[in-house]
Amino acid sequence: MLRLALFSPLLLLLGCTSDPPTEPADVAALSELPLIPLPVEITDEDAVHYYRGYEGDVLPSPNPVIGDAQRYLSDRWPELVLPLQFEIAQDLEGEAYRLEFRGEEIELAAGTREGMLNAAKTLGQVLHFSGGEDEEVFISSGTISDEPRFAYRGFMLDVARHFFGVDEVKQVIDRIAPYKINHLHLHLSDDQGWRIEIKSWPKLTEIGGKSEVDGTPGGFYTQEEYSEIVAYAQQRGIVIVPEIDMPGHTNAALSAYPILNADGVARDPYTGTRVGFSTLDTDQDSVYTFIDDVVREIGALSPGPYFHLGGDESDATDHEDYVNFVNRAQQIIKDNGKTPIGWDEVATSELAEGTVVQLWAHADYALRARDAGNPVIMSPAKRMYLDMQYDSTSRIGLHWASYIEVDSAYQWDPAAMAEGLTDGDILGVESPLWSETVRTMEDIDYLVFPRLLAHAELGWTPQGKRDYADFLRRLAAQQEWLKDQDIATYDTRVLAESADTTTTMK
Ligand code: ACM
């Protein structure tokens, strides 16, 4: 067992007194470790350091920049005690961090809580791949200096088509955090289910929460449960992005409240997988009161800046009504102190200042957003929809956009998706997992891993530093680690082939 621990200076001094054992011959250089996402800069030095574990109770620092990073490490390795030095560095901004392995202490430096968490996440990988599951660990000397390409690196879980409870969402958070995914977008409502308690409109969950695809029982989060998810994610460096999809994809709400329908008649619950047939009555003031209540209640539970209004596939809404609706919905979200995000069709309305447009199907809408000065999140279905099958033999998933093997998930540049788009126009990337065919945690693992690691690197590492062959080498090692943690990652064709090649070449 690796005994990592969060040191106190006294412990550290005592720890330095014992003689190190003989250095093993095969300590990998820092730059050879299979880190994902690949850091911006790794400087190797010609020395190896020995760190030895000590047991002891050390409280996390009350300093907000340091405490969550310490908790992140001690949660994952409760018994590990290593001499770690946390430095708040004024020269490091935002998510940037530096890790130094060159003395008797491992130094983690960052200027913010998010940066320090990133340092802890990279350290976790360094320890693991340095054979850190022992009481002692040898680590090659050197420095890792790192910062992300894009500020927003997201994963989306559709909890509407099939519901996933609090414990499952926490497991998802634990799985995505090590790869520096920093936003978890929850698709909280759709035709098949409404998944979050709204106290002023209780039938949304009493009626709309009961159904899901397959006709199996659905479910929903109470506001207390939702807050628990938000806090759990926040401690691990992840912002929850709530989405209430509208004016289409609303059958669950329309089944709960007849007043939201143009004809005043409640819709039947829906458990199929068609899209594009439902719409809120965009002419009615009570619909906007409803939206204001929903945004206000969810907004009050959300420390993060965003509220996602959906806006996709509203085929049952007249286009002029759609434009008016999206304009009003954006204003309601802004009036509640949040920044709107919408799927790319919202770019056909008048975008409010700051509204983020999430490209999934229409590159030209992303360009419209850019021309209007609005930021873009890249989630092109052909590359980033994790519910797309790997190939025709995949046991679940869909393939209406494409089959997506690891090479296709990795080998593209978000800035080249739409002519003339640059990094400065792009807020980030997000990997959506729609759950029509996804029913269990094992199903989530199968579709998400290992492709999310390709997307994590896409969002973090500069385009010029990304190399597919090198990524595959690192991914093969990460894949083994995922399996050791009982994460049901899929053995993709490309990884199997690269493993075969390695064997033949030996
Ligand atoms: C979408 O896939 N309808 C955003």
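Values quoted throughout were computed directly from the atomic coordinates according to the rules given, and no laboratory measurement underlies them. Predicted, not measured: the structure shown is a model, and the values here were computed from it. For neighbour counting, all protein chains shown are included, and Cβ atoms are generated from backbone atoms with ideal geometry for every residue, glycine included.
Reported value for the chain: 145 Å³ per residue, from the convex hull of its C-alpha atoms.
Dipole magnitude for the chain: about 200 debye, using +1 per Lys or Arg Cβ and -1 per Asp or Glu Cβ, origin at the Cα centre. The lysines whose alpha-carbon is closer than 20 Å to the alpha-carbon of Lys210, local same-chain residues fewer than 8 away aside, are Lys199. Using bins of 5 Å that start at zero, the share of Cα-Cα pairs per bin across the stretch 383-506 amounts to 2, 10, 20, 22, 20, 14, 8, 3, 1, 0, in whole %.
Over the stretch 319-417, how many percent of alpha carbon pairs lie in each 10 Å bin up to the one with the longest distance? Using 10 Å bins, I get a P(r) of 16, 38, 27, 17, 2 for the stretch 319-417. For the stretch 162-297, the alpha-carbon coordinates run over 49, 32, 24 Å along the three principal axes, in decreasing order. Relative to its residue count, the stretch 269-378 spans a Cα convex hull of 118 Å³ per residue. Between the listed residues Tyr179, Ala109, Val213, the Cα displaced farthest toward the positive end of the dipole of the stretch 106-221, a dipole computed from Cβ unit charges relative to the Cα centre, is found at Val213. Divide the volume of the convex hull around the Cα atoms of the stretch 25-124 by the residue count and you get 112 Å³ per residue.
Take 83-94, 369-380 and order them by the average number of nearby Cβ atoms within 10 Å per residue, most first; the result is 369-380, 83-94.
In this model, which of Lys170/Lys334; Lys203/Lys334; Lys121/Lys180 are farther than 19 Å apart at the alpha-carbon?
Numbers: Lys170/Lys334 29 Å; Lys203/Lys334 26 Å; Lys121/Lys180 7 Å.
With Cα atoms farther than 19 Å apart: Lys170/Lys334; Lys203/Lys334.
Among Tyr390, Tyr468, Tyr446, the order by Cβ neighbours within 10 angstrom, fewest to most, reads Tyr468, Tyr446, Tyr390. When peptides 146-159, 97-110 are sorted by average Cβ neighbour count within 10 Å, with the highest value leading, the order is 146-159, 97-110. Taking 7 Å steps out from each Cα toward its Cβ at Ala372 and Asp174 produces label points 4.2 nm apart. The distance between label points at Glu41 and Gln284 comes to 6.0 nm (points 7 Å beyond Cα on the Cα→Cβ vector). Quick check on the chain: of the DSSP beta bridges with both residues there, what percent are antiparallel, nearest 5%? If we restrict to bridges inside the chain, about 35 percent are antiparallel.
Amide H contacts of Asp245 (H built 1.01 Å from N, in plane; Pro and chain starts excluded): Leu188, Ser189 sit under 5 Å, all sequence-distant by 5 or more or on other chains.
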